[in-house]
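To start, the structure itself, in structure tokens.
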Amino acid sequence: MKNILTILFFLCTSVFLLGKGDVSEEKVVLAYKLSNLSIILDGKLSEPIWQKEPINKFVQKDPNEGLPSSENTNVWIAYDEANIYIAARLMDTKPEAIDASLARRDAFISSDWFYFYVDPYNDKKSGYYFGVNAGGTISDGILFNDSWDDNSWDGIWFASVSKDEAGWNVEMQIPFSQLRFNESDNMKWGVNFSREIKRNQERSYFVMVPKNESGFVSKFASLEGLDGIKPKQRFEARPYLVQKAQYLVHDNNDPFYKGNQYKTSIGADFKIGLGSNLTVDATINPDFGQVEVDPAVLNLSAFESYFQEKRPFFIEGFDLFWFGIGGVNNNWGFNFGWPELFYSRRIGRAPRGSTNEAEYINYPAETRILGAAKLTGKLNESLSVAALSAVTERTFATLWNNGIKTSEEVEPLTHYGVLRGRNQFNNGNQAAGFMFTSVNRSLNNNPLKDRLAQNAFTFGVDGWTSLDSDKEYVLAGALVGSYSHGTQEYIQRLQQSSLRYFQRPDATYAVYDPELTSLSGYYGRIMLNKQKGNFYINSAIGLASPGFDHNDIGFQFTADRINGHTVIGYRWFEPEGIFRSKHVYLSHARTYDFEGNQISNFLWWRAGGTFTNYYNINFGGSYQFESYSKTLTRGGPLVLQPSEWNVWFFAGSDSREEIIVNANGMYAEDKVGGAVIDVAVNIEWRPSTQLSLSFGPNYNNNDETRQWVGKFEDLDASQTYNARYVFGRIKQQTLSADLRLNWTFSPTLSLQLFMQPFIAVGEYSKFKELASPRSNNFLTYGSGSSVIAYNSNEDSYSVDPDGSGPANPFSFSNPNFNYKSLRGTAVLRWEVMPGSIFYFVWSHNQTNFDNPGDFEFGRDLKSLWGTEGDDILMVKFSYWLDM
């Protein structure tokens, strides 16, 4: 670690001393004010205002960087008291070749597109984008961190297109109420425009940022002429109605089934503008139902699976809640990353309390959110704020025993709070921010007190600074503290969790203490990143103390780690030979725990490029040196982790073609005989401009020689601290496929079908126990004096570790499995008018567990198909009111 610190200090000092300035001249464009003139949004550009001097002279970024666009484009900007209007005349010498494919909103497809980008705060870091293709499909989203974007934001705006013998036209009408800006008499915004021509694989911009440069928003042209705008006070309401019908696999005598079969929900979301720069989002009886299903996952590890947020209330403005991420345009992790202090899926999650046994139990699938409110925006061009407050109700499960109903609390009344602020300085060259999170529970139930924290808090500061005036090198950092408080039993659970394993019998630094009623910890990280140029370097060091915990409202990947990495690379952005572009990267990363044990040490490489025919290929690999595992024994002693290596590839065809093929594969092998093969293919067929079908099979074969089975106490196992840590060899085969159909009838009416069959089969053999700590030595059952026998009646194994010796025999259930599932959804989406949407949704799920440990595709698929499944039908209508 001392070497990593020295290298990082040298790099930081060098780039600071050698920094240079390179300030390019900013383009200026004019917005025309509409006086006694209205715009008819028909895409025909017949209004006199569109005959004024246009914005033009677009420059290619692809395929021939720096050359003028192959087709002329003229753009105009106008405005009135309520809206900003964008018009574009996109000339084309081959109008018959213009691609006007249709797709659902924000579902990007290869087509002919026009985009408008705007930075209303003129902060050089953030903004919005609005896109329209020649078929009228629209896309929008936010811009942040200068060069990143996200399409989860959906604004309420209007667009129209038309096509003629000279090309195609676009008109956009964007209400000022949809944008955040600091109101003044003479405003200056940042703007940019781009055009994509599918047949040429061409992207051209009004302000083109070369590929070897960094940034995007910071290079925008200056929009002037927006004088005297006084937008109205913003108040939007979106009431909704949901009717759900559930047809589930159930016991016919279940007294709870019919009462849960048909449900009606009514509620509303609100948006209130506090001036032109802040927004309050609020909700009454919020609908957080999803119209997409999470993918099937089989998790054999001790760690939680991560799923993306899909609920609209939480998605909007999410970028303002990110912590640590900012300033740098690449955030390499290598077993360590910036902490996700706010993971919104914690709010409304499934209850975590247990219940007593009963004949029937009505256990809620989620925790109802009583109310939630959110404040997001900027106080000025540089200071951003975000705050969220949500309350989830006290939740009960209902038990049925001999006709008597009782209830037991399974989730307490809980408040979740988040406060985030960040200020940028010196035109974005520096920034400093903070974030505070809190979770406070009203715990009246003793079992819940032992499972959940009474209070949990985190507070962190983060920021970045450019080390030279050209912003070529940026240094980013973060520091966080955490505190959790609860009963002794809860803190015991926290200490014993898979992130910590304080109960390890060979632990010397963070030792298990059953008397604690609180746990605290800290996190810190600093990263250096080269933002642009052909040569590339990224280096970071970080640490997370053993007691660091933010899992009550965040998603925690690690604790008890000291990590460092360095990545170097070279990028060729100009065409050369058979490649249009290519790259190569090499990295070394190393991780220790706070005891000084090396738990990871590897080399990683990657290379690839795009060919002149727009096919692409990437390949790489890594070599992991011998280290120690703290997690293999799940709270037991350290185990020697053997060296291993892997290689992988990814290849894809030209996205303009009717049939698009992507394929990837991976092979990994370790020193003790374990191996993994993973192969996936995705084929997309677009038979028409309105229809696309895709099929994506995936096969994984995992031969793991040290798969966890269980821990068994035994005073005679003195070599392993009076416990036997049992493992087996697992041969696991996983086969799945994603099938999708997207049928777009019009830009506002679409049908999406999704289906995912999933089969995972694991067969265990060669059971063994750890022979000694800090080693890779095992005693295989059935060899020497040990005896193992399978009991077919109970489907379990009996083990006598030393035969006629003094050790006590023990048994465990056969861990073989055969998990099969079929998940699917059908979503009909009709945007009746902007912001008002009708959904009809069908979702299906069925599972089967026959023939554990035995994989036979035809039989398993037949078993799955013949299993009863759950079907849910849902109708939802939301209506947008602009008051």
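Legend: residues 587, 389, sorted from most to least accessible area (1.4 Å probe; ligands, DNA and RNA excluded), read 389, 587.
As an exercise, use a Förster radius of 22 Å and the Cβ-Cβ distance of residue 407 and residue 366 to find the FRET efficiency, rounded to the nearest 0.05. The formula returns an efficiency of 0.80 here. Considering Cα pairs under 8 angstrom that are at least six residues apart, work out the relative contact order of the range 76-191 and quote it in whole percent. Computed value for the range 76-191: 30 percent relative contact order. Express the C-alpha Rg of the range 80-134 as a ratio against the empirical globular expectation 2.2 N^0.38 Å, rounded to two decimals. So the range 80-134 has a normalised radius of gyration of 1.42.
Subtracting the Cα-Cα distance of residue 836 and residue 380 from their residue separation scaled by 0.36 nm leaves 161.0 nm. Here the mean projected area of the convex hull built on the C-alpha positions of the range 546-646 is 9.3 nm². Rolling a 1.4 Å probe over the protein heavy atoms leaves residue 198 with an accessible area of roughly 30 Å². One way to sum up the overall shape of the range 401-530 is the equivalent ellipsoid from its Cα gyration tensor, whose semi-axes run 41, 21, 11 Å, largest first. Extension gain, residue 862 to residue 526, is 115.6 nm, computed as 0.36 nm per intervening residue step minus the present C-alpha separation.
The mean sequence separation of alpha-carbon pairs under 8 Å and at least six residues apart, normalised by the residue count of the range 750-837, gives a relative contact order of 38 percent.
Kyte-Doolittle cut-off -0.5, length cut-off 15 Å along the helix's own axis using Cα: show which whole DSSP H helices in the chain pass.
The qualifying helices are 2-18.
Suppose a student asked you for the relative contact order of the chain, using Cα pairs under 8 Å spaced at least 6 residues apart; what percent would you report? RCO, the chain: 9 percent. Length gained on full extension, residue 872 to residue 432: 153.7 nm, using 0.36 nm per residue less the C-alpha separation.
Taking the charge dipole of the range 328-402 about its Cα centre, with +1 at Lys and Arg Cβ atoms and -1 at Asp and Glu Cβ atoms, the residue from 397, 334, 351 reaching farthest to the positive side is 334. A 1.4 Å probe run over the chain, with the rest of the protein chains in place, finds 44 Å² accessible per residue. Applied to the range 567-574, the Karplus parametrisation 6.51 cos²θ - 1.76 cosθ + 1.60 on θ = phi - 60° returns per-residue 3J(HN,Hα) values of 10, 10, x, 9, 10, 9, 8, 9 Hz, with x for Gly and Pro. What's the long-distance tail for the chain, i.e. % of Cα pairs beyond 53 Å? The calculated P(r) of the chain puts 18 percent of pairs beyond 53 Å. Taking each of 671/768; 33/230; 124/532; 374/449 in turn, the alpha-carbon distance tops 22 angstrom for 374/449. Our coupling estimate for the range 201-206, obtained by passing each phi through the Karplus curve with A = 6.51, B = -1.76, C = 1.60 and θ = phi - 60°, is 6, 10, 10, 10, 10, 5 Hz, Gly and Pro reported as x.
Considering only Cα atoms, the convex hull volume of the range 778-863 works out to 199 Å³ per residue.
When every alpha-carbon pair in the range 618-722 is counted, what percent end up more than 16 Å apart? Everything past 16 Å amounts to 72 percent.
Taking all protein chains together and a 1.4 Å probe, the residues 572, 332, 76 rank 572, 332, 76 from largest to smallest accessible area.
Sorting 720, 508, 867, 780 by accessible area puts them as 508, 780, 867, 720; the probe is 1.4 Å, largest comes first, and only protein heavy atoms count. Placing pseudo-labels 7 Å out from each Cα toward the beta carbon at residue 425 and residue 227 gives an inter-label distance of 3.6 nm. Shown for the range 67-113: the carbon plus sulfur share of the solvent-accessible area, taken with all protein chains present and a 1.4 angstrom probe, equals 57%. Per residue of the chain, the DSSP helices (runs of n ≥ 4 H) give a summed -39500 (n - 2.57) that works out to -1500 deg cm²/dmol at 222 nm. Residue 706 contributes an accessible area of around 20 Å² to the protein surface, as traced by a 1.4 Å probe with all chains present.
The values are calculated or read from the model by the stated rules, or taken from the named source; none is laboratory data. Here the structure is a predicted model, which means the values were calculated and not measured. When we count neighbours, we look across all protein chains shown, and the Cβ atoms used for this are built from the backbone with ideal geometry, even at glycine. Surface areas here come from the heavy atoms of the whole protein model, side chains and all, with no ligands, DNA or RNA. Shrake-Rupley method; radii C 1.70, N 1.55, O 1.52, S 1.80 Å.
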